[in-house]
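Okay, structure first, notes after.
The values are calculated or read from the model by the stated rules, or taken from the named source; none is laboratory data. Treat the numbers as computed from the prediction; the structure is a model and nothing was measured. Reconstructed Cβ throughout: ideal geometry from the backbone, glycine too, with neighbour counts over all protein chains shown. The accessibility values were calculated without ligands, DNA or RNA, using every heavy atom of the protein model including side chains. Shrake-Rupley method; radii C 1.70, N 1.55, O 1.52, S 1.80 Å.
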Amino acid sequence: MSEAQATATKDEAGKGNGRPFFDNVIRAVVEGNSVTVTILAIFTAMVIGGLLNAFTNSAVLRAWGSFFSDPWHAITTAWDTAIGAYVALFEGAIFNPHTVAQLFQQSSISTAIHDGYLSAVFGPLSETCVQATPLLLVGLAVALPYQAGLFNIGGQSQFIGGAIVATYLGYGVSMPVGIHVIVCLIGGFAGGAVTGGAVGYLKAKTGAHEVIVTIMLNYVMAYFLSYLLSFHYLMQLPGSVNLITQNIAGSAHLPHLFGPTLRVNAGFLIALACALGIWWLLTRTTTGFEFRAIGKNPNAARVAGMNVERSWVLVMLIAGGLAGLGAATVIQGTDFSLNFQSYGTYGIDAITVALLGRGRPGGVVLAALLFGALHAGAPNMQAVTSTPVDIVEVLQALIVLFVAAPPLVRSIYRLRAARAAGVSQVLSKGWNA
């Protein structure tokens, strides 16, 4: 048998026992593909976040003050502080083993449901989904224009635009239950689409840069909301001096998915459906192909006969609508009224979600769930371990920092691609390198 035949025989044997699959997995880990780098970036951020949490704790600092007399006590104190915070974060965002143990101690499922033990088990997951819903929708509003070469940092203005329309339709219009919910959702989408579409129109007609326009619109819409909430004849709650609207009607509330004891509602399913829809738009339609082609090279797209200006307007319309829909899920699902706390930091957090998700719908879903878990678990972490919730913001920043620098992560873990490319490229490549 010749050498070539022997090699072919070995390859066929390898295919039979699944070796190529494991070889590909090992090669992906060693060479540091995007998934591997993202996982390692999150792990690195958590390690550094744990160290920061431990060595800003007064008890740990006191223990390390006597390190040479009792080094084991200093090390275990730092370890317990760092791990204890992450355990509390996990229990507040995913599940608490103690509540699971209590559930199995009940005599029957009906008793567990009636006494609230079942809802206690799924409460953390429910809160994670609630927190992830607006992050997912506004994150898609950032990720979609990115595919078309636009940087949408106006999620806040588009969120406010959708929230204003959805809230007004919620309390100012009387409709049957099923219709009222849908009308408010459509109104939220339309309010955000108008705000986002204005950005695309200005860019298409005047060449105004979308970053500048969206930054300015964030302030415009915030002050516009302040104006609406300052007068009773506009949107302010009658008889109140607070900047808040009246509650929307019960017929406009999004239905809960698993009963009133869990806050997760139909908004989460809407967000997942939108992510699936954006994936289909980008990968299965001519319009999505045009978006991606324009994002790669708008001049070449023009030569190919694509209407770049029309695509800019359309992509910002859809993006603004997604952000406005995110506002509608907040107003109709959890808040039921509009004030200055309603839009929070969704516009800024959505940028980090889109970056972590690498501008892809599937990645945005996972990133939104991760950040939703961090937000959901932070209060429990503070209550159990007295760790400031600010550590979650630090952790988010560290995650984005390392995800935005793949060569740095590859260099830290000495992955093959880093050694081949060189660390000098860290500053010259972006987050999607």
Problem set entry | Complete set of residues in region 147-178 that are in contact with a Leu (Cβ under 9 Å, 6 or more places away or on another chain), surrounded by fewer than 24 Cβ atoms within 10 Å (Cβ to Cβ) and within 29 Å of residue 291 (Cα to Cα) | 147
For this session: Give the residue that is modelled with the lowest pLDDT, with candidates limited to residues of region 327-346 that are of a type in the set (Gly, Ala, Ser) and surrounded by fewer than 24 Cβ atoms within 10 Å (Cβ to Cβ).
Result: 344
Exercise. Since residue 368 meets every condition but one in (1) within 24 Å of residue 256 (Cβ to Cβ); (2) without any contact (Cβ under 8 Å) to a residue 12 or more places away in the chain; (3) open to solvent by less than 30 Å² (accessible area, probe 1.4 Å); (4) among the aliphatic types (A, V, I, L, M), which condition does it not meet?
Worked result: (2)
Problem set entry | Candidate set: region 235-266, residues that are at pLDDT below 90 and open to solvent by less than 60 Å² (accessible area, probe 1.4 Å); chosen: the one farthest from the chain's Cα centre (by Cα) | 240
For this session: Out of 356, 338, report the one residue that is touching a residue at least 12 places away in the same chain (Cβ under 8 Å) and farther than 26 Å from residue 186 by Cα.
Result: 356
Problem set entry | Test: residue in region 391-405 that is open to solvent by 60 Å² or more (accessible area, probe 1.4 Å), at pLDDT below 50 and out of contact with any strand residue (DSSP E or B) (no Cβ under 8 Å at 6 or more places or on another chain) | no
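So is residue 125 surrounded by 24 or more Cβ atoms within 10 Å (Cβ to Cβ) and not basic (Lys, Arg) or not? Working first, answer last.
Values: surrounded by 24 or more Cβ atoms within 10 Å (Cβ to Cβ): no; not basic (Lys, Arg): yes.
No.
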Exercise. Mind checking whether some residue in region 254-270 is charged (D, E, K, R), assigned to a helix (DSSP H, G or I) and in contact with a helix residue (DSSP H, G or I) (Cβ under 8 Å, 6 or more places away or on another chain)?
Worked result: no
Problem set entry | Close pairs from region 250-261: first over 16 Å from residue 330 (Cα atoms), partner open to solvent by less than 60 Å² (accessible area, probe 1.4 Å) and hydrophobic (A, V, I, L, M, F, W, C), Cβ under 7 Å, at least 6 apart | 258/264
For this session: Just need a number here: residues in region 267-287 that are within 24 Å of the chain's Cα centre (by Cα) and β-branched (Val, Ile, Thr).
Result: 3
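So is residue 289 under 28 Å from residue 224 (Cβ atoms) and aromatic (Phe, Trp, Tyr) or not?
Numbers: under 28 Å from residue 224 (Cβ atoms): no; aromatic (Phe, Trp, Tyr): yes.
Criteria not met by residue 289.
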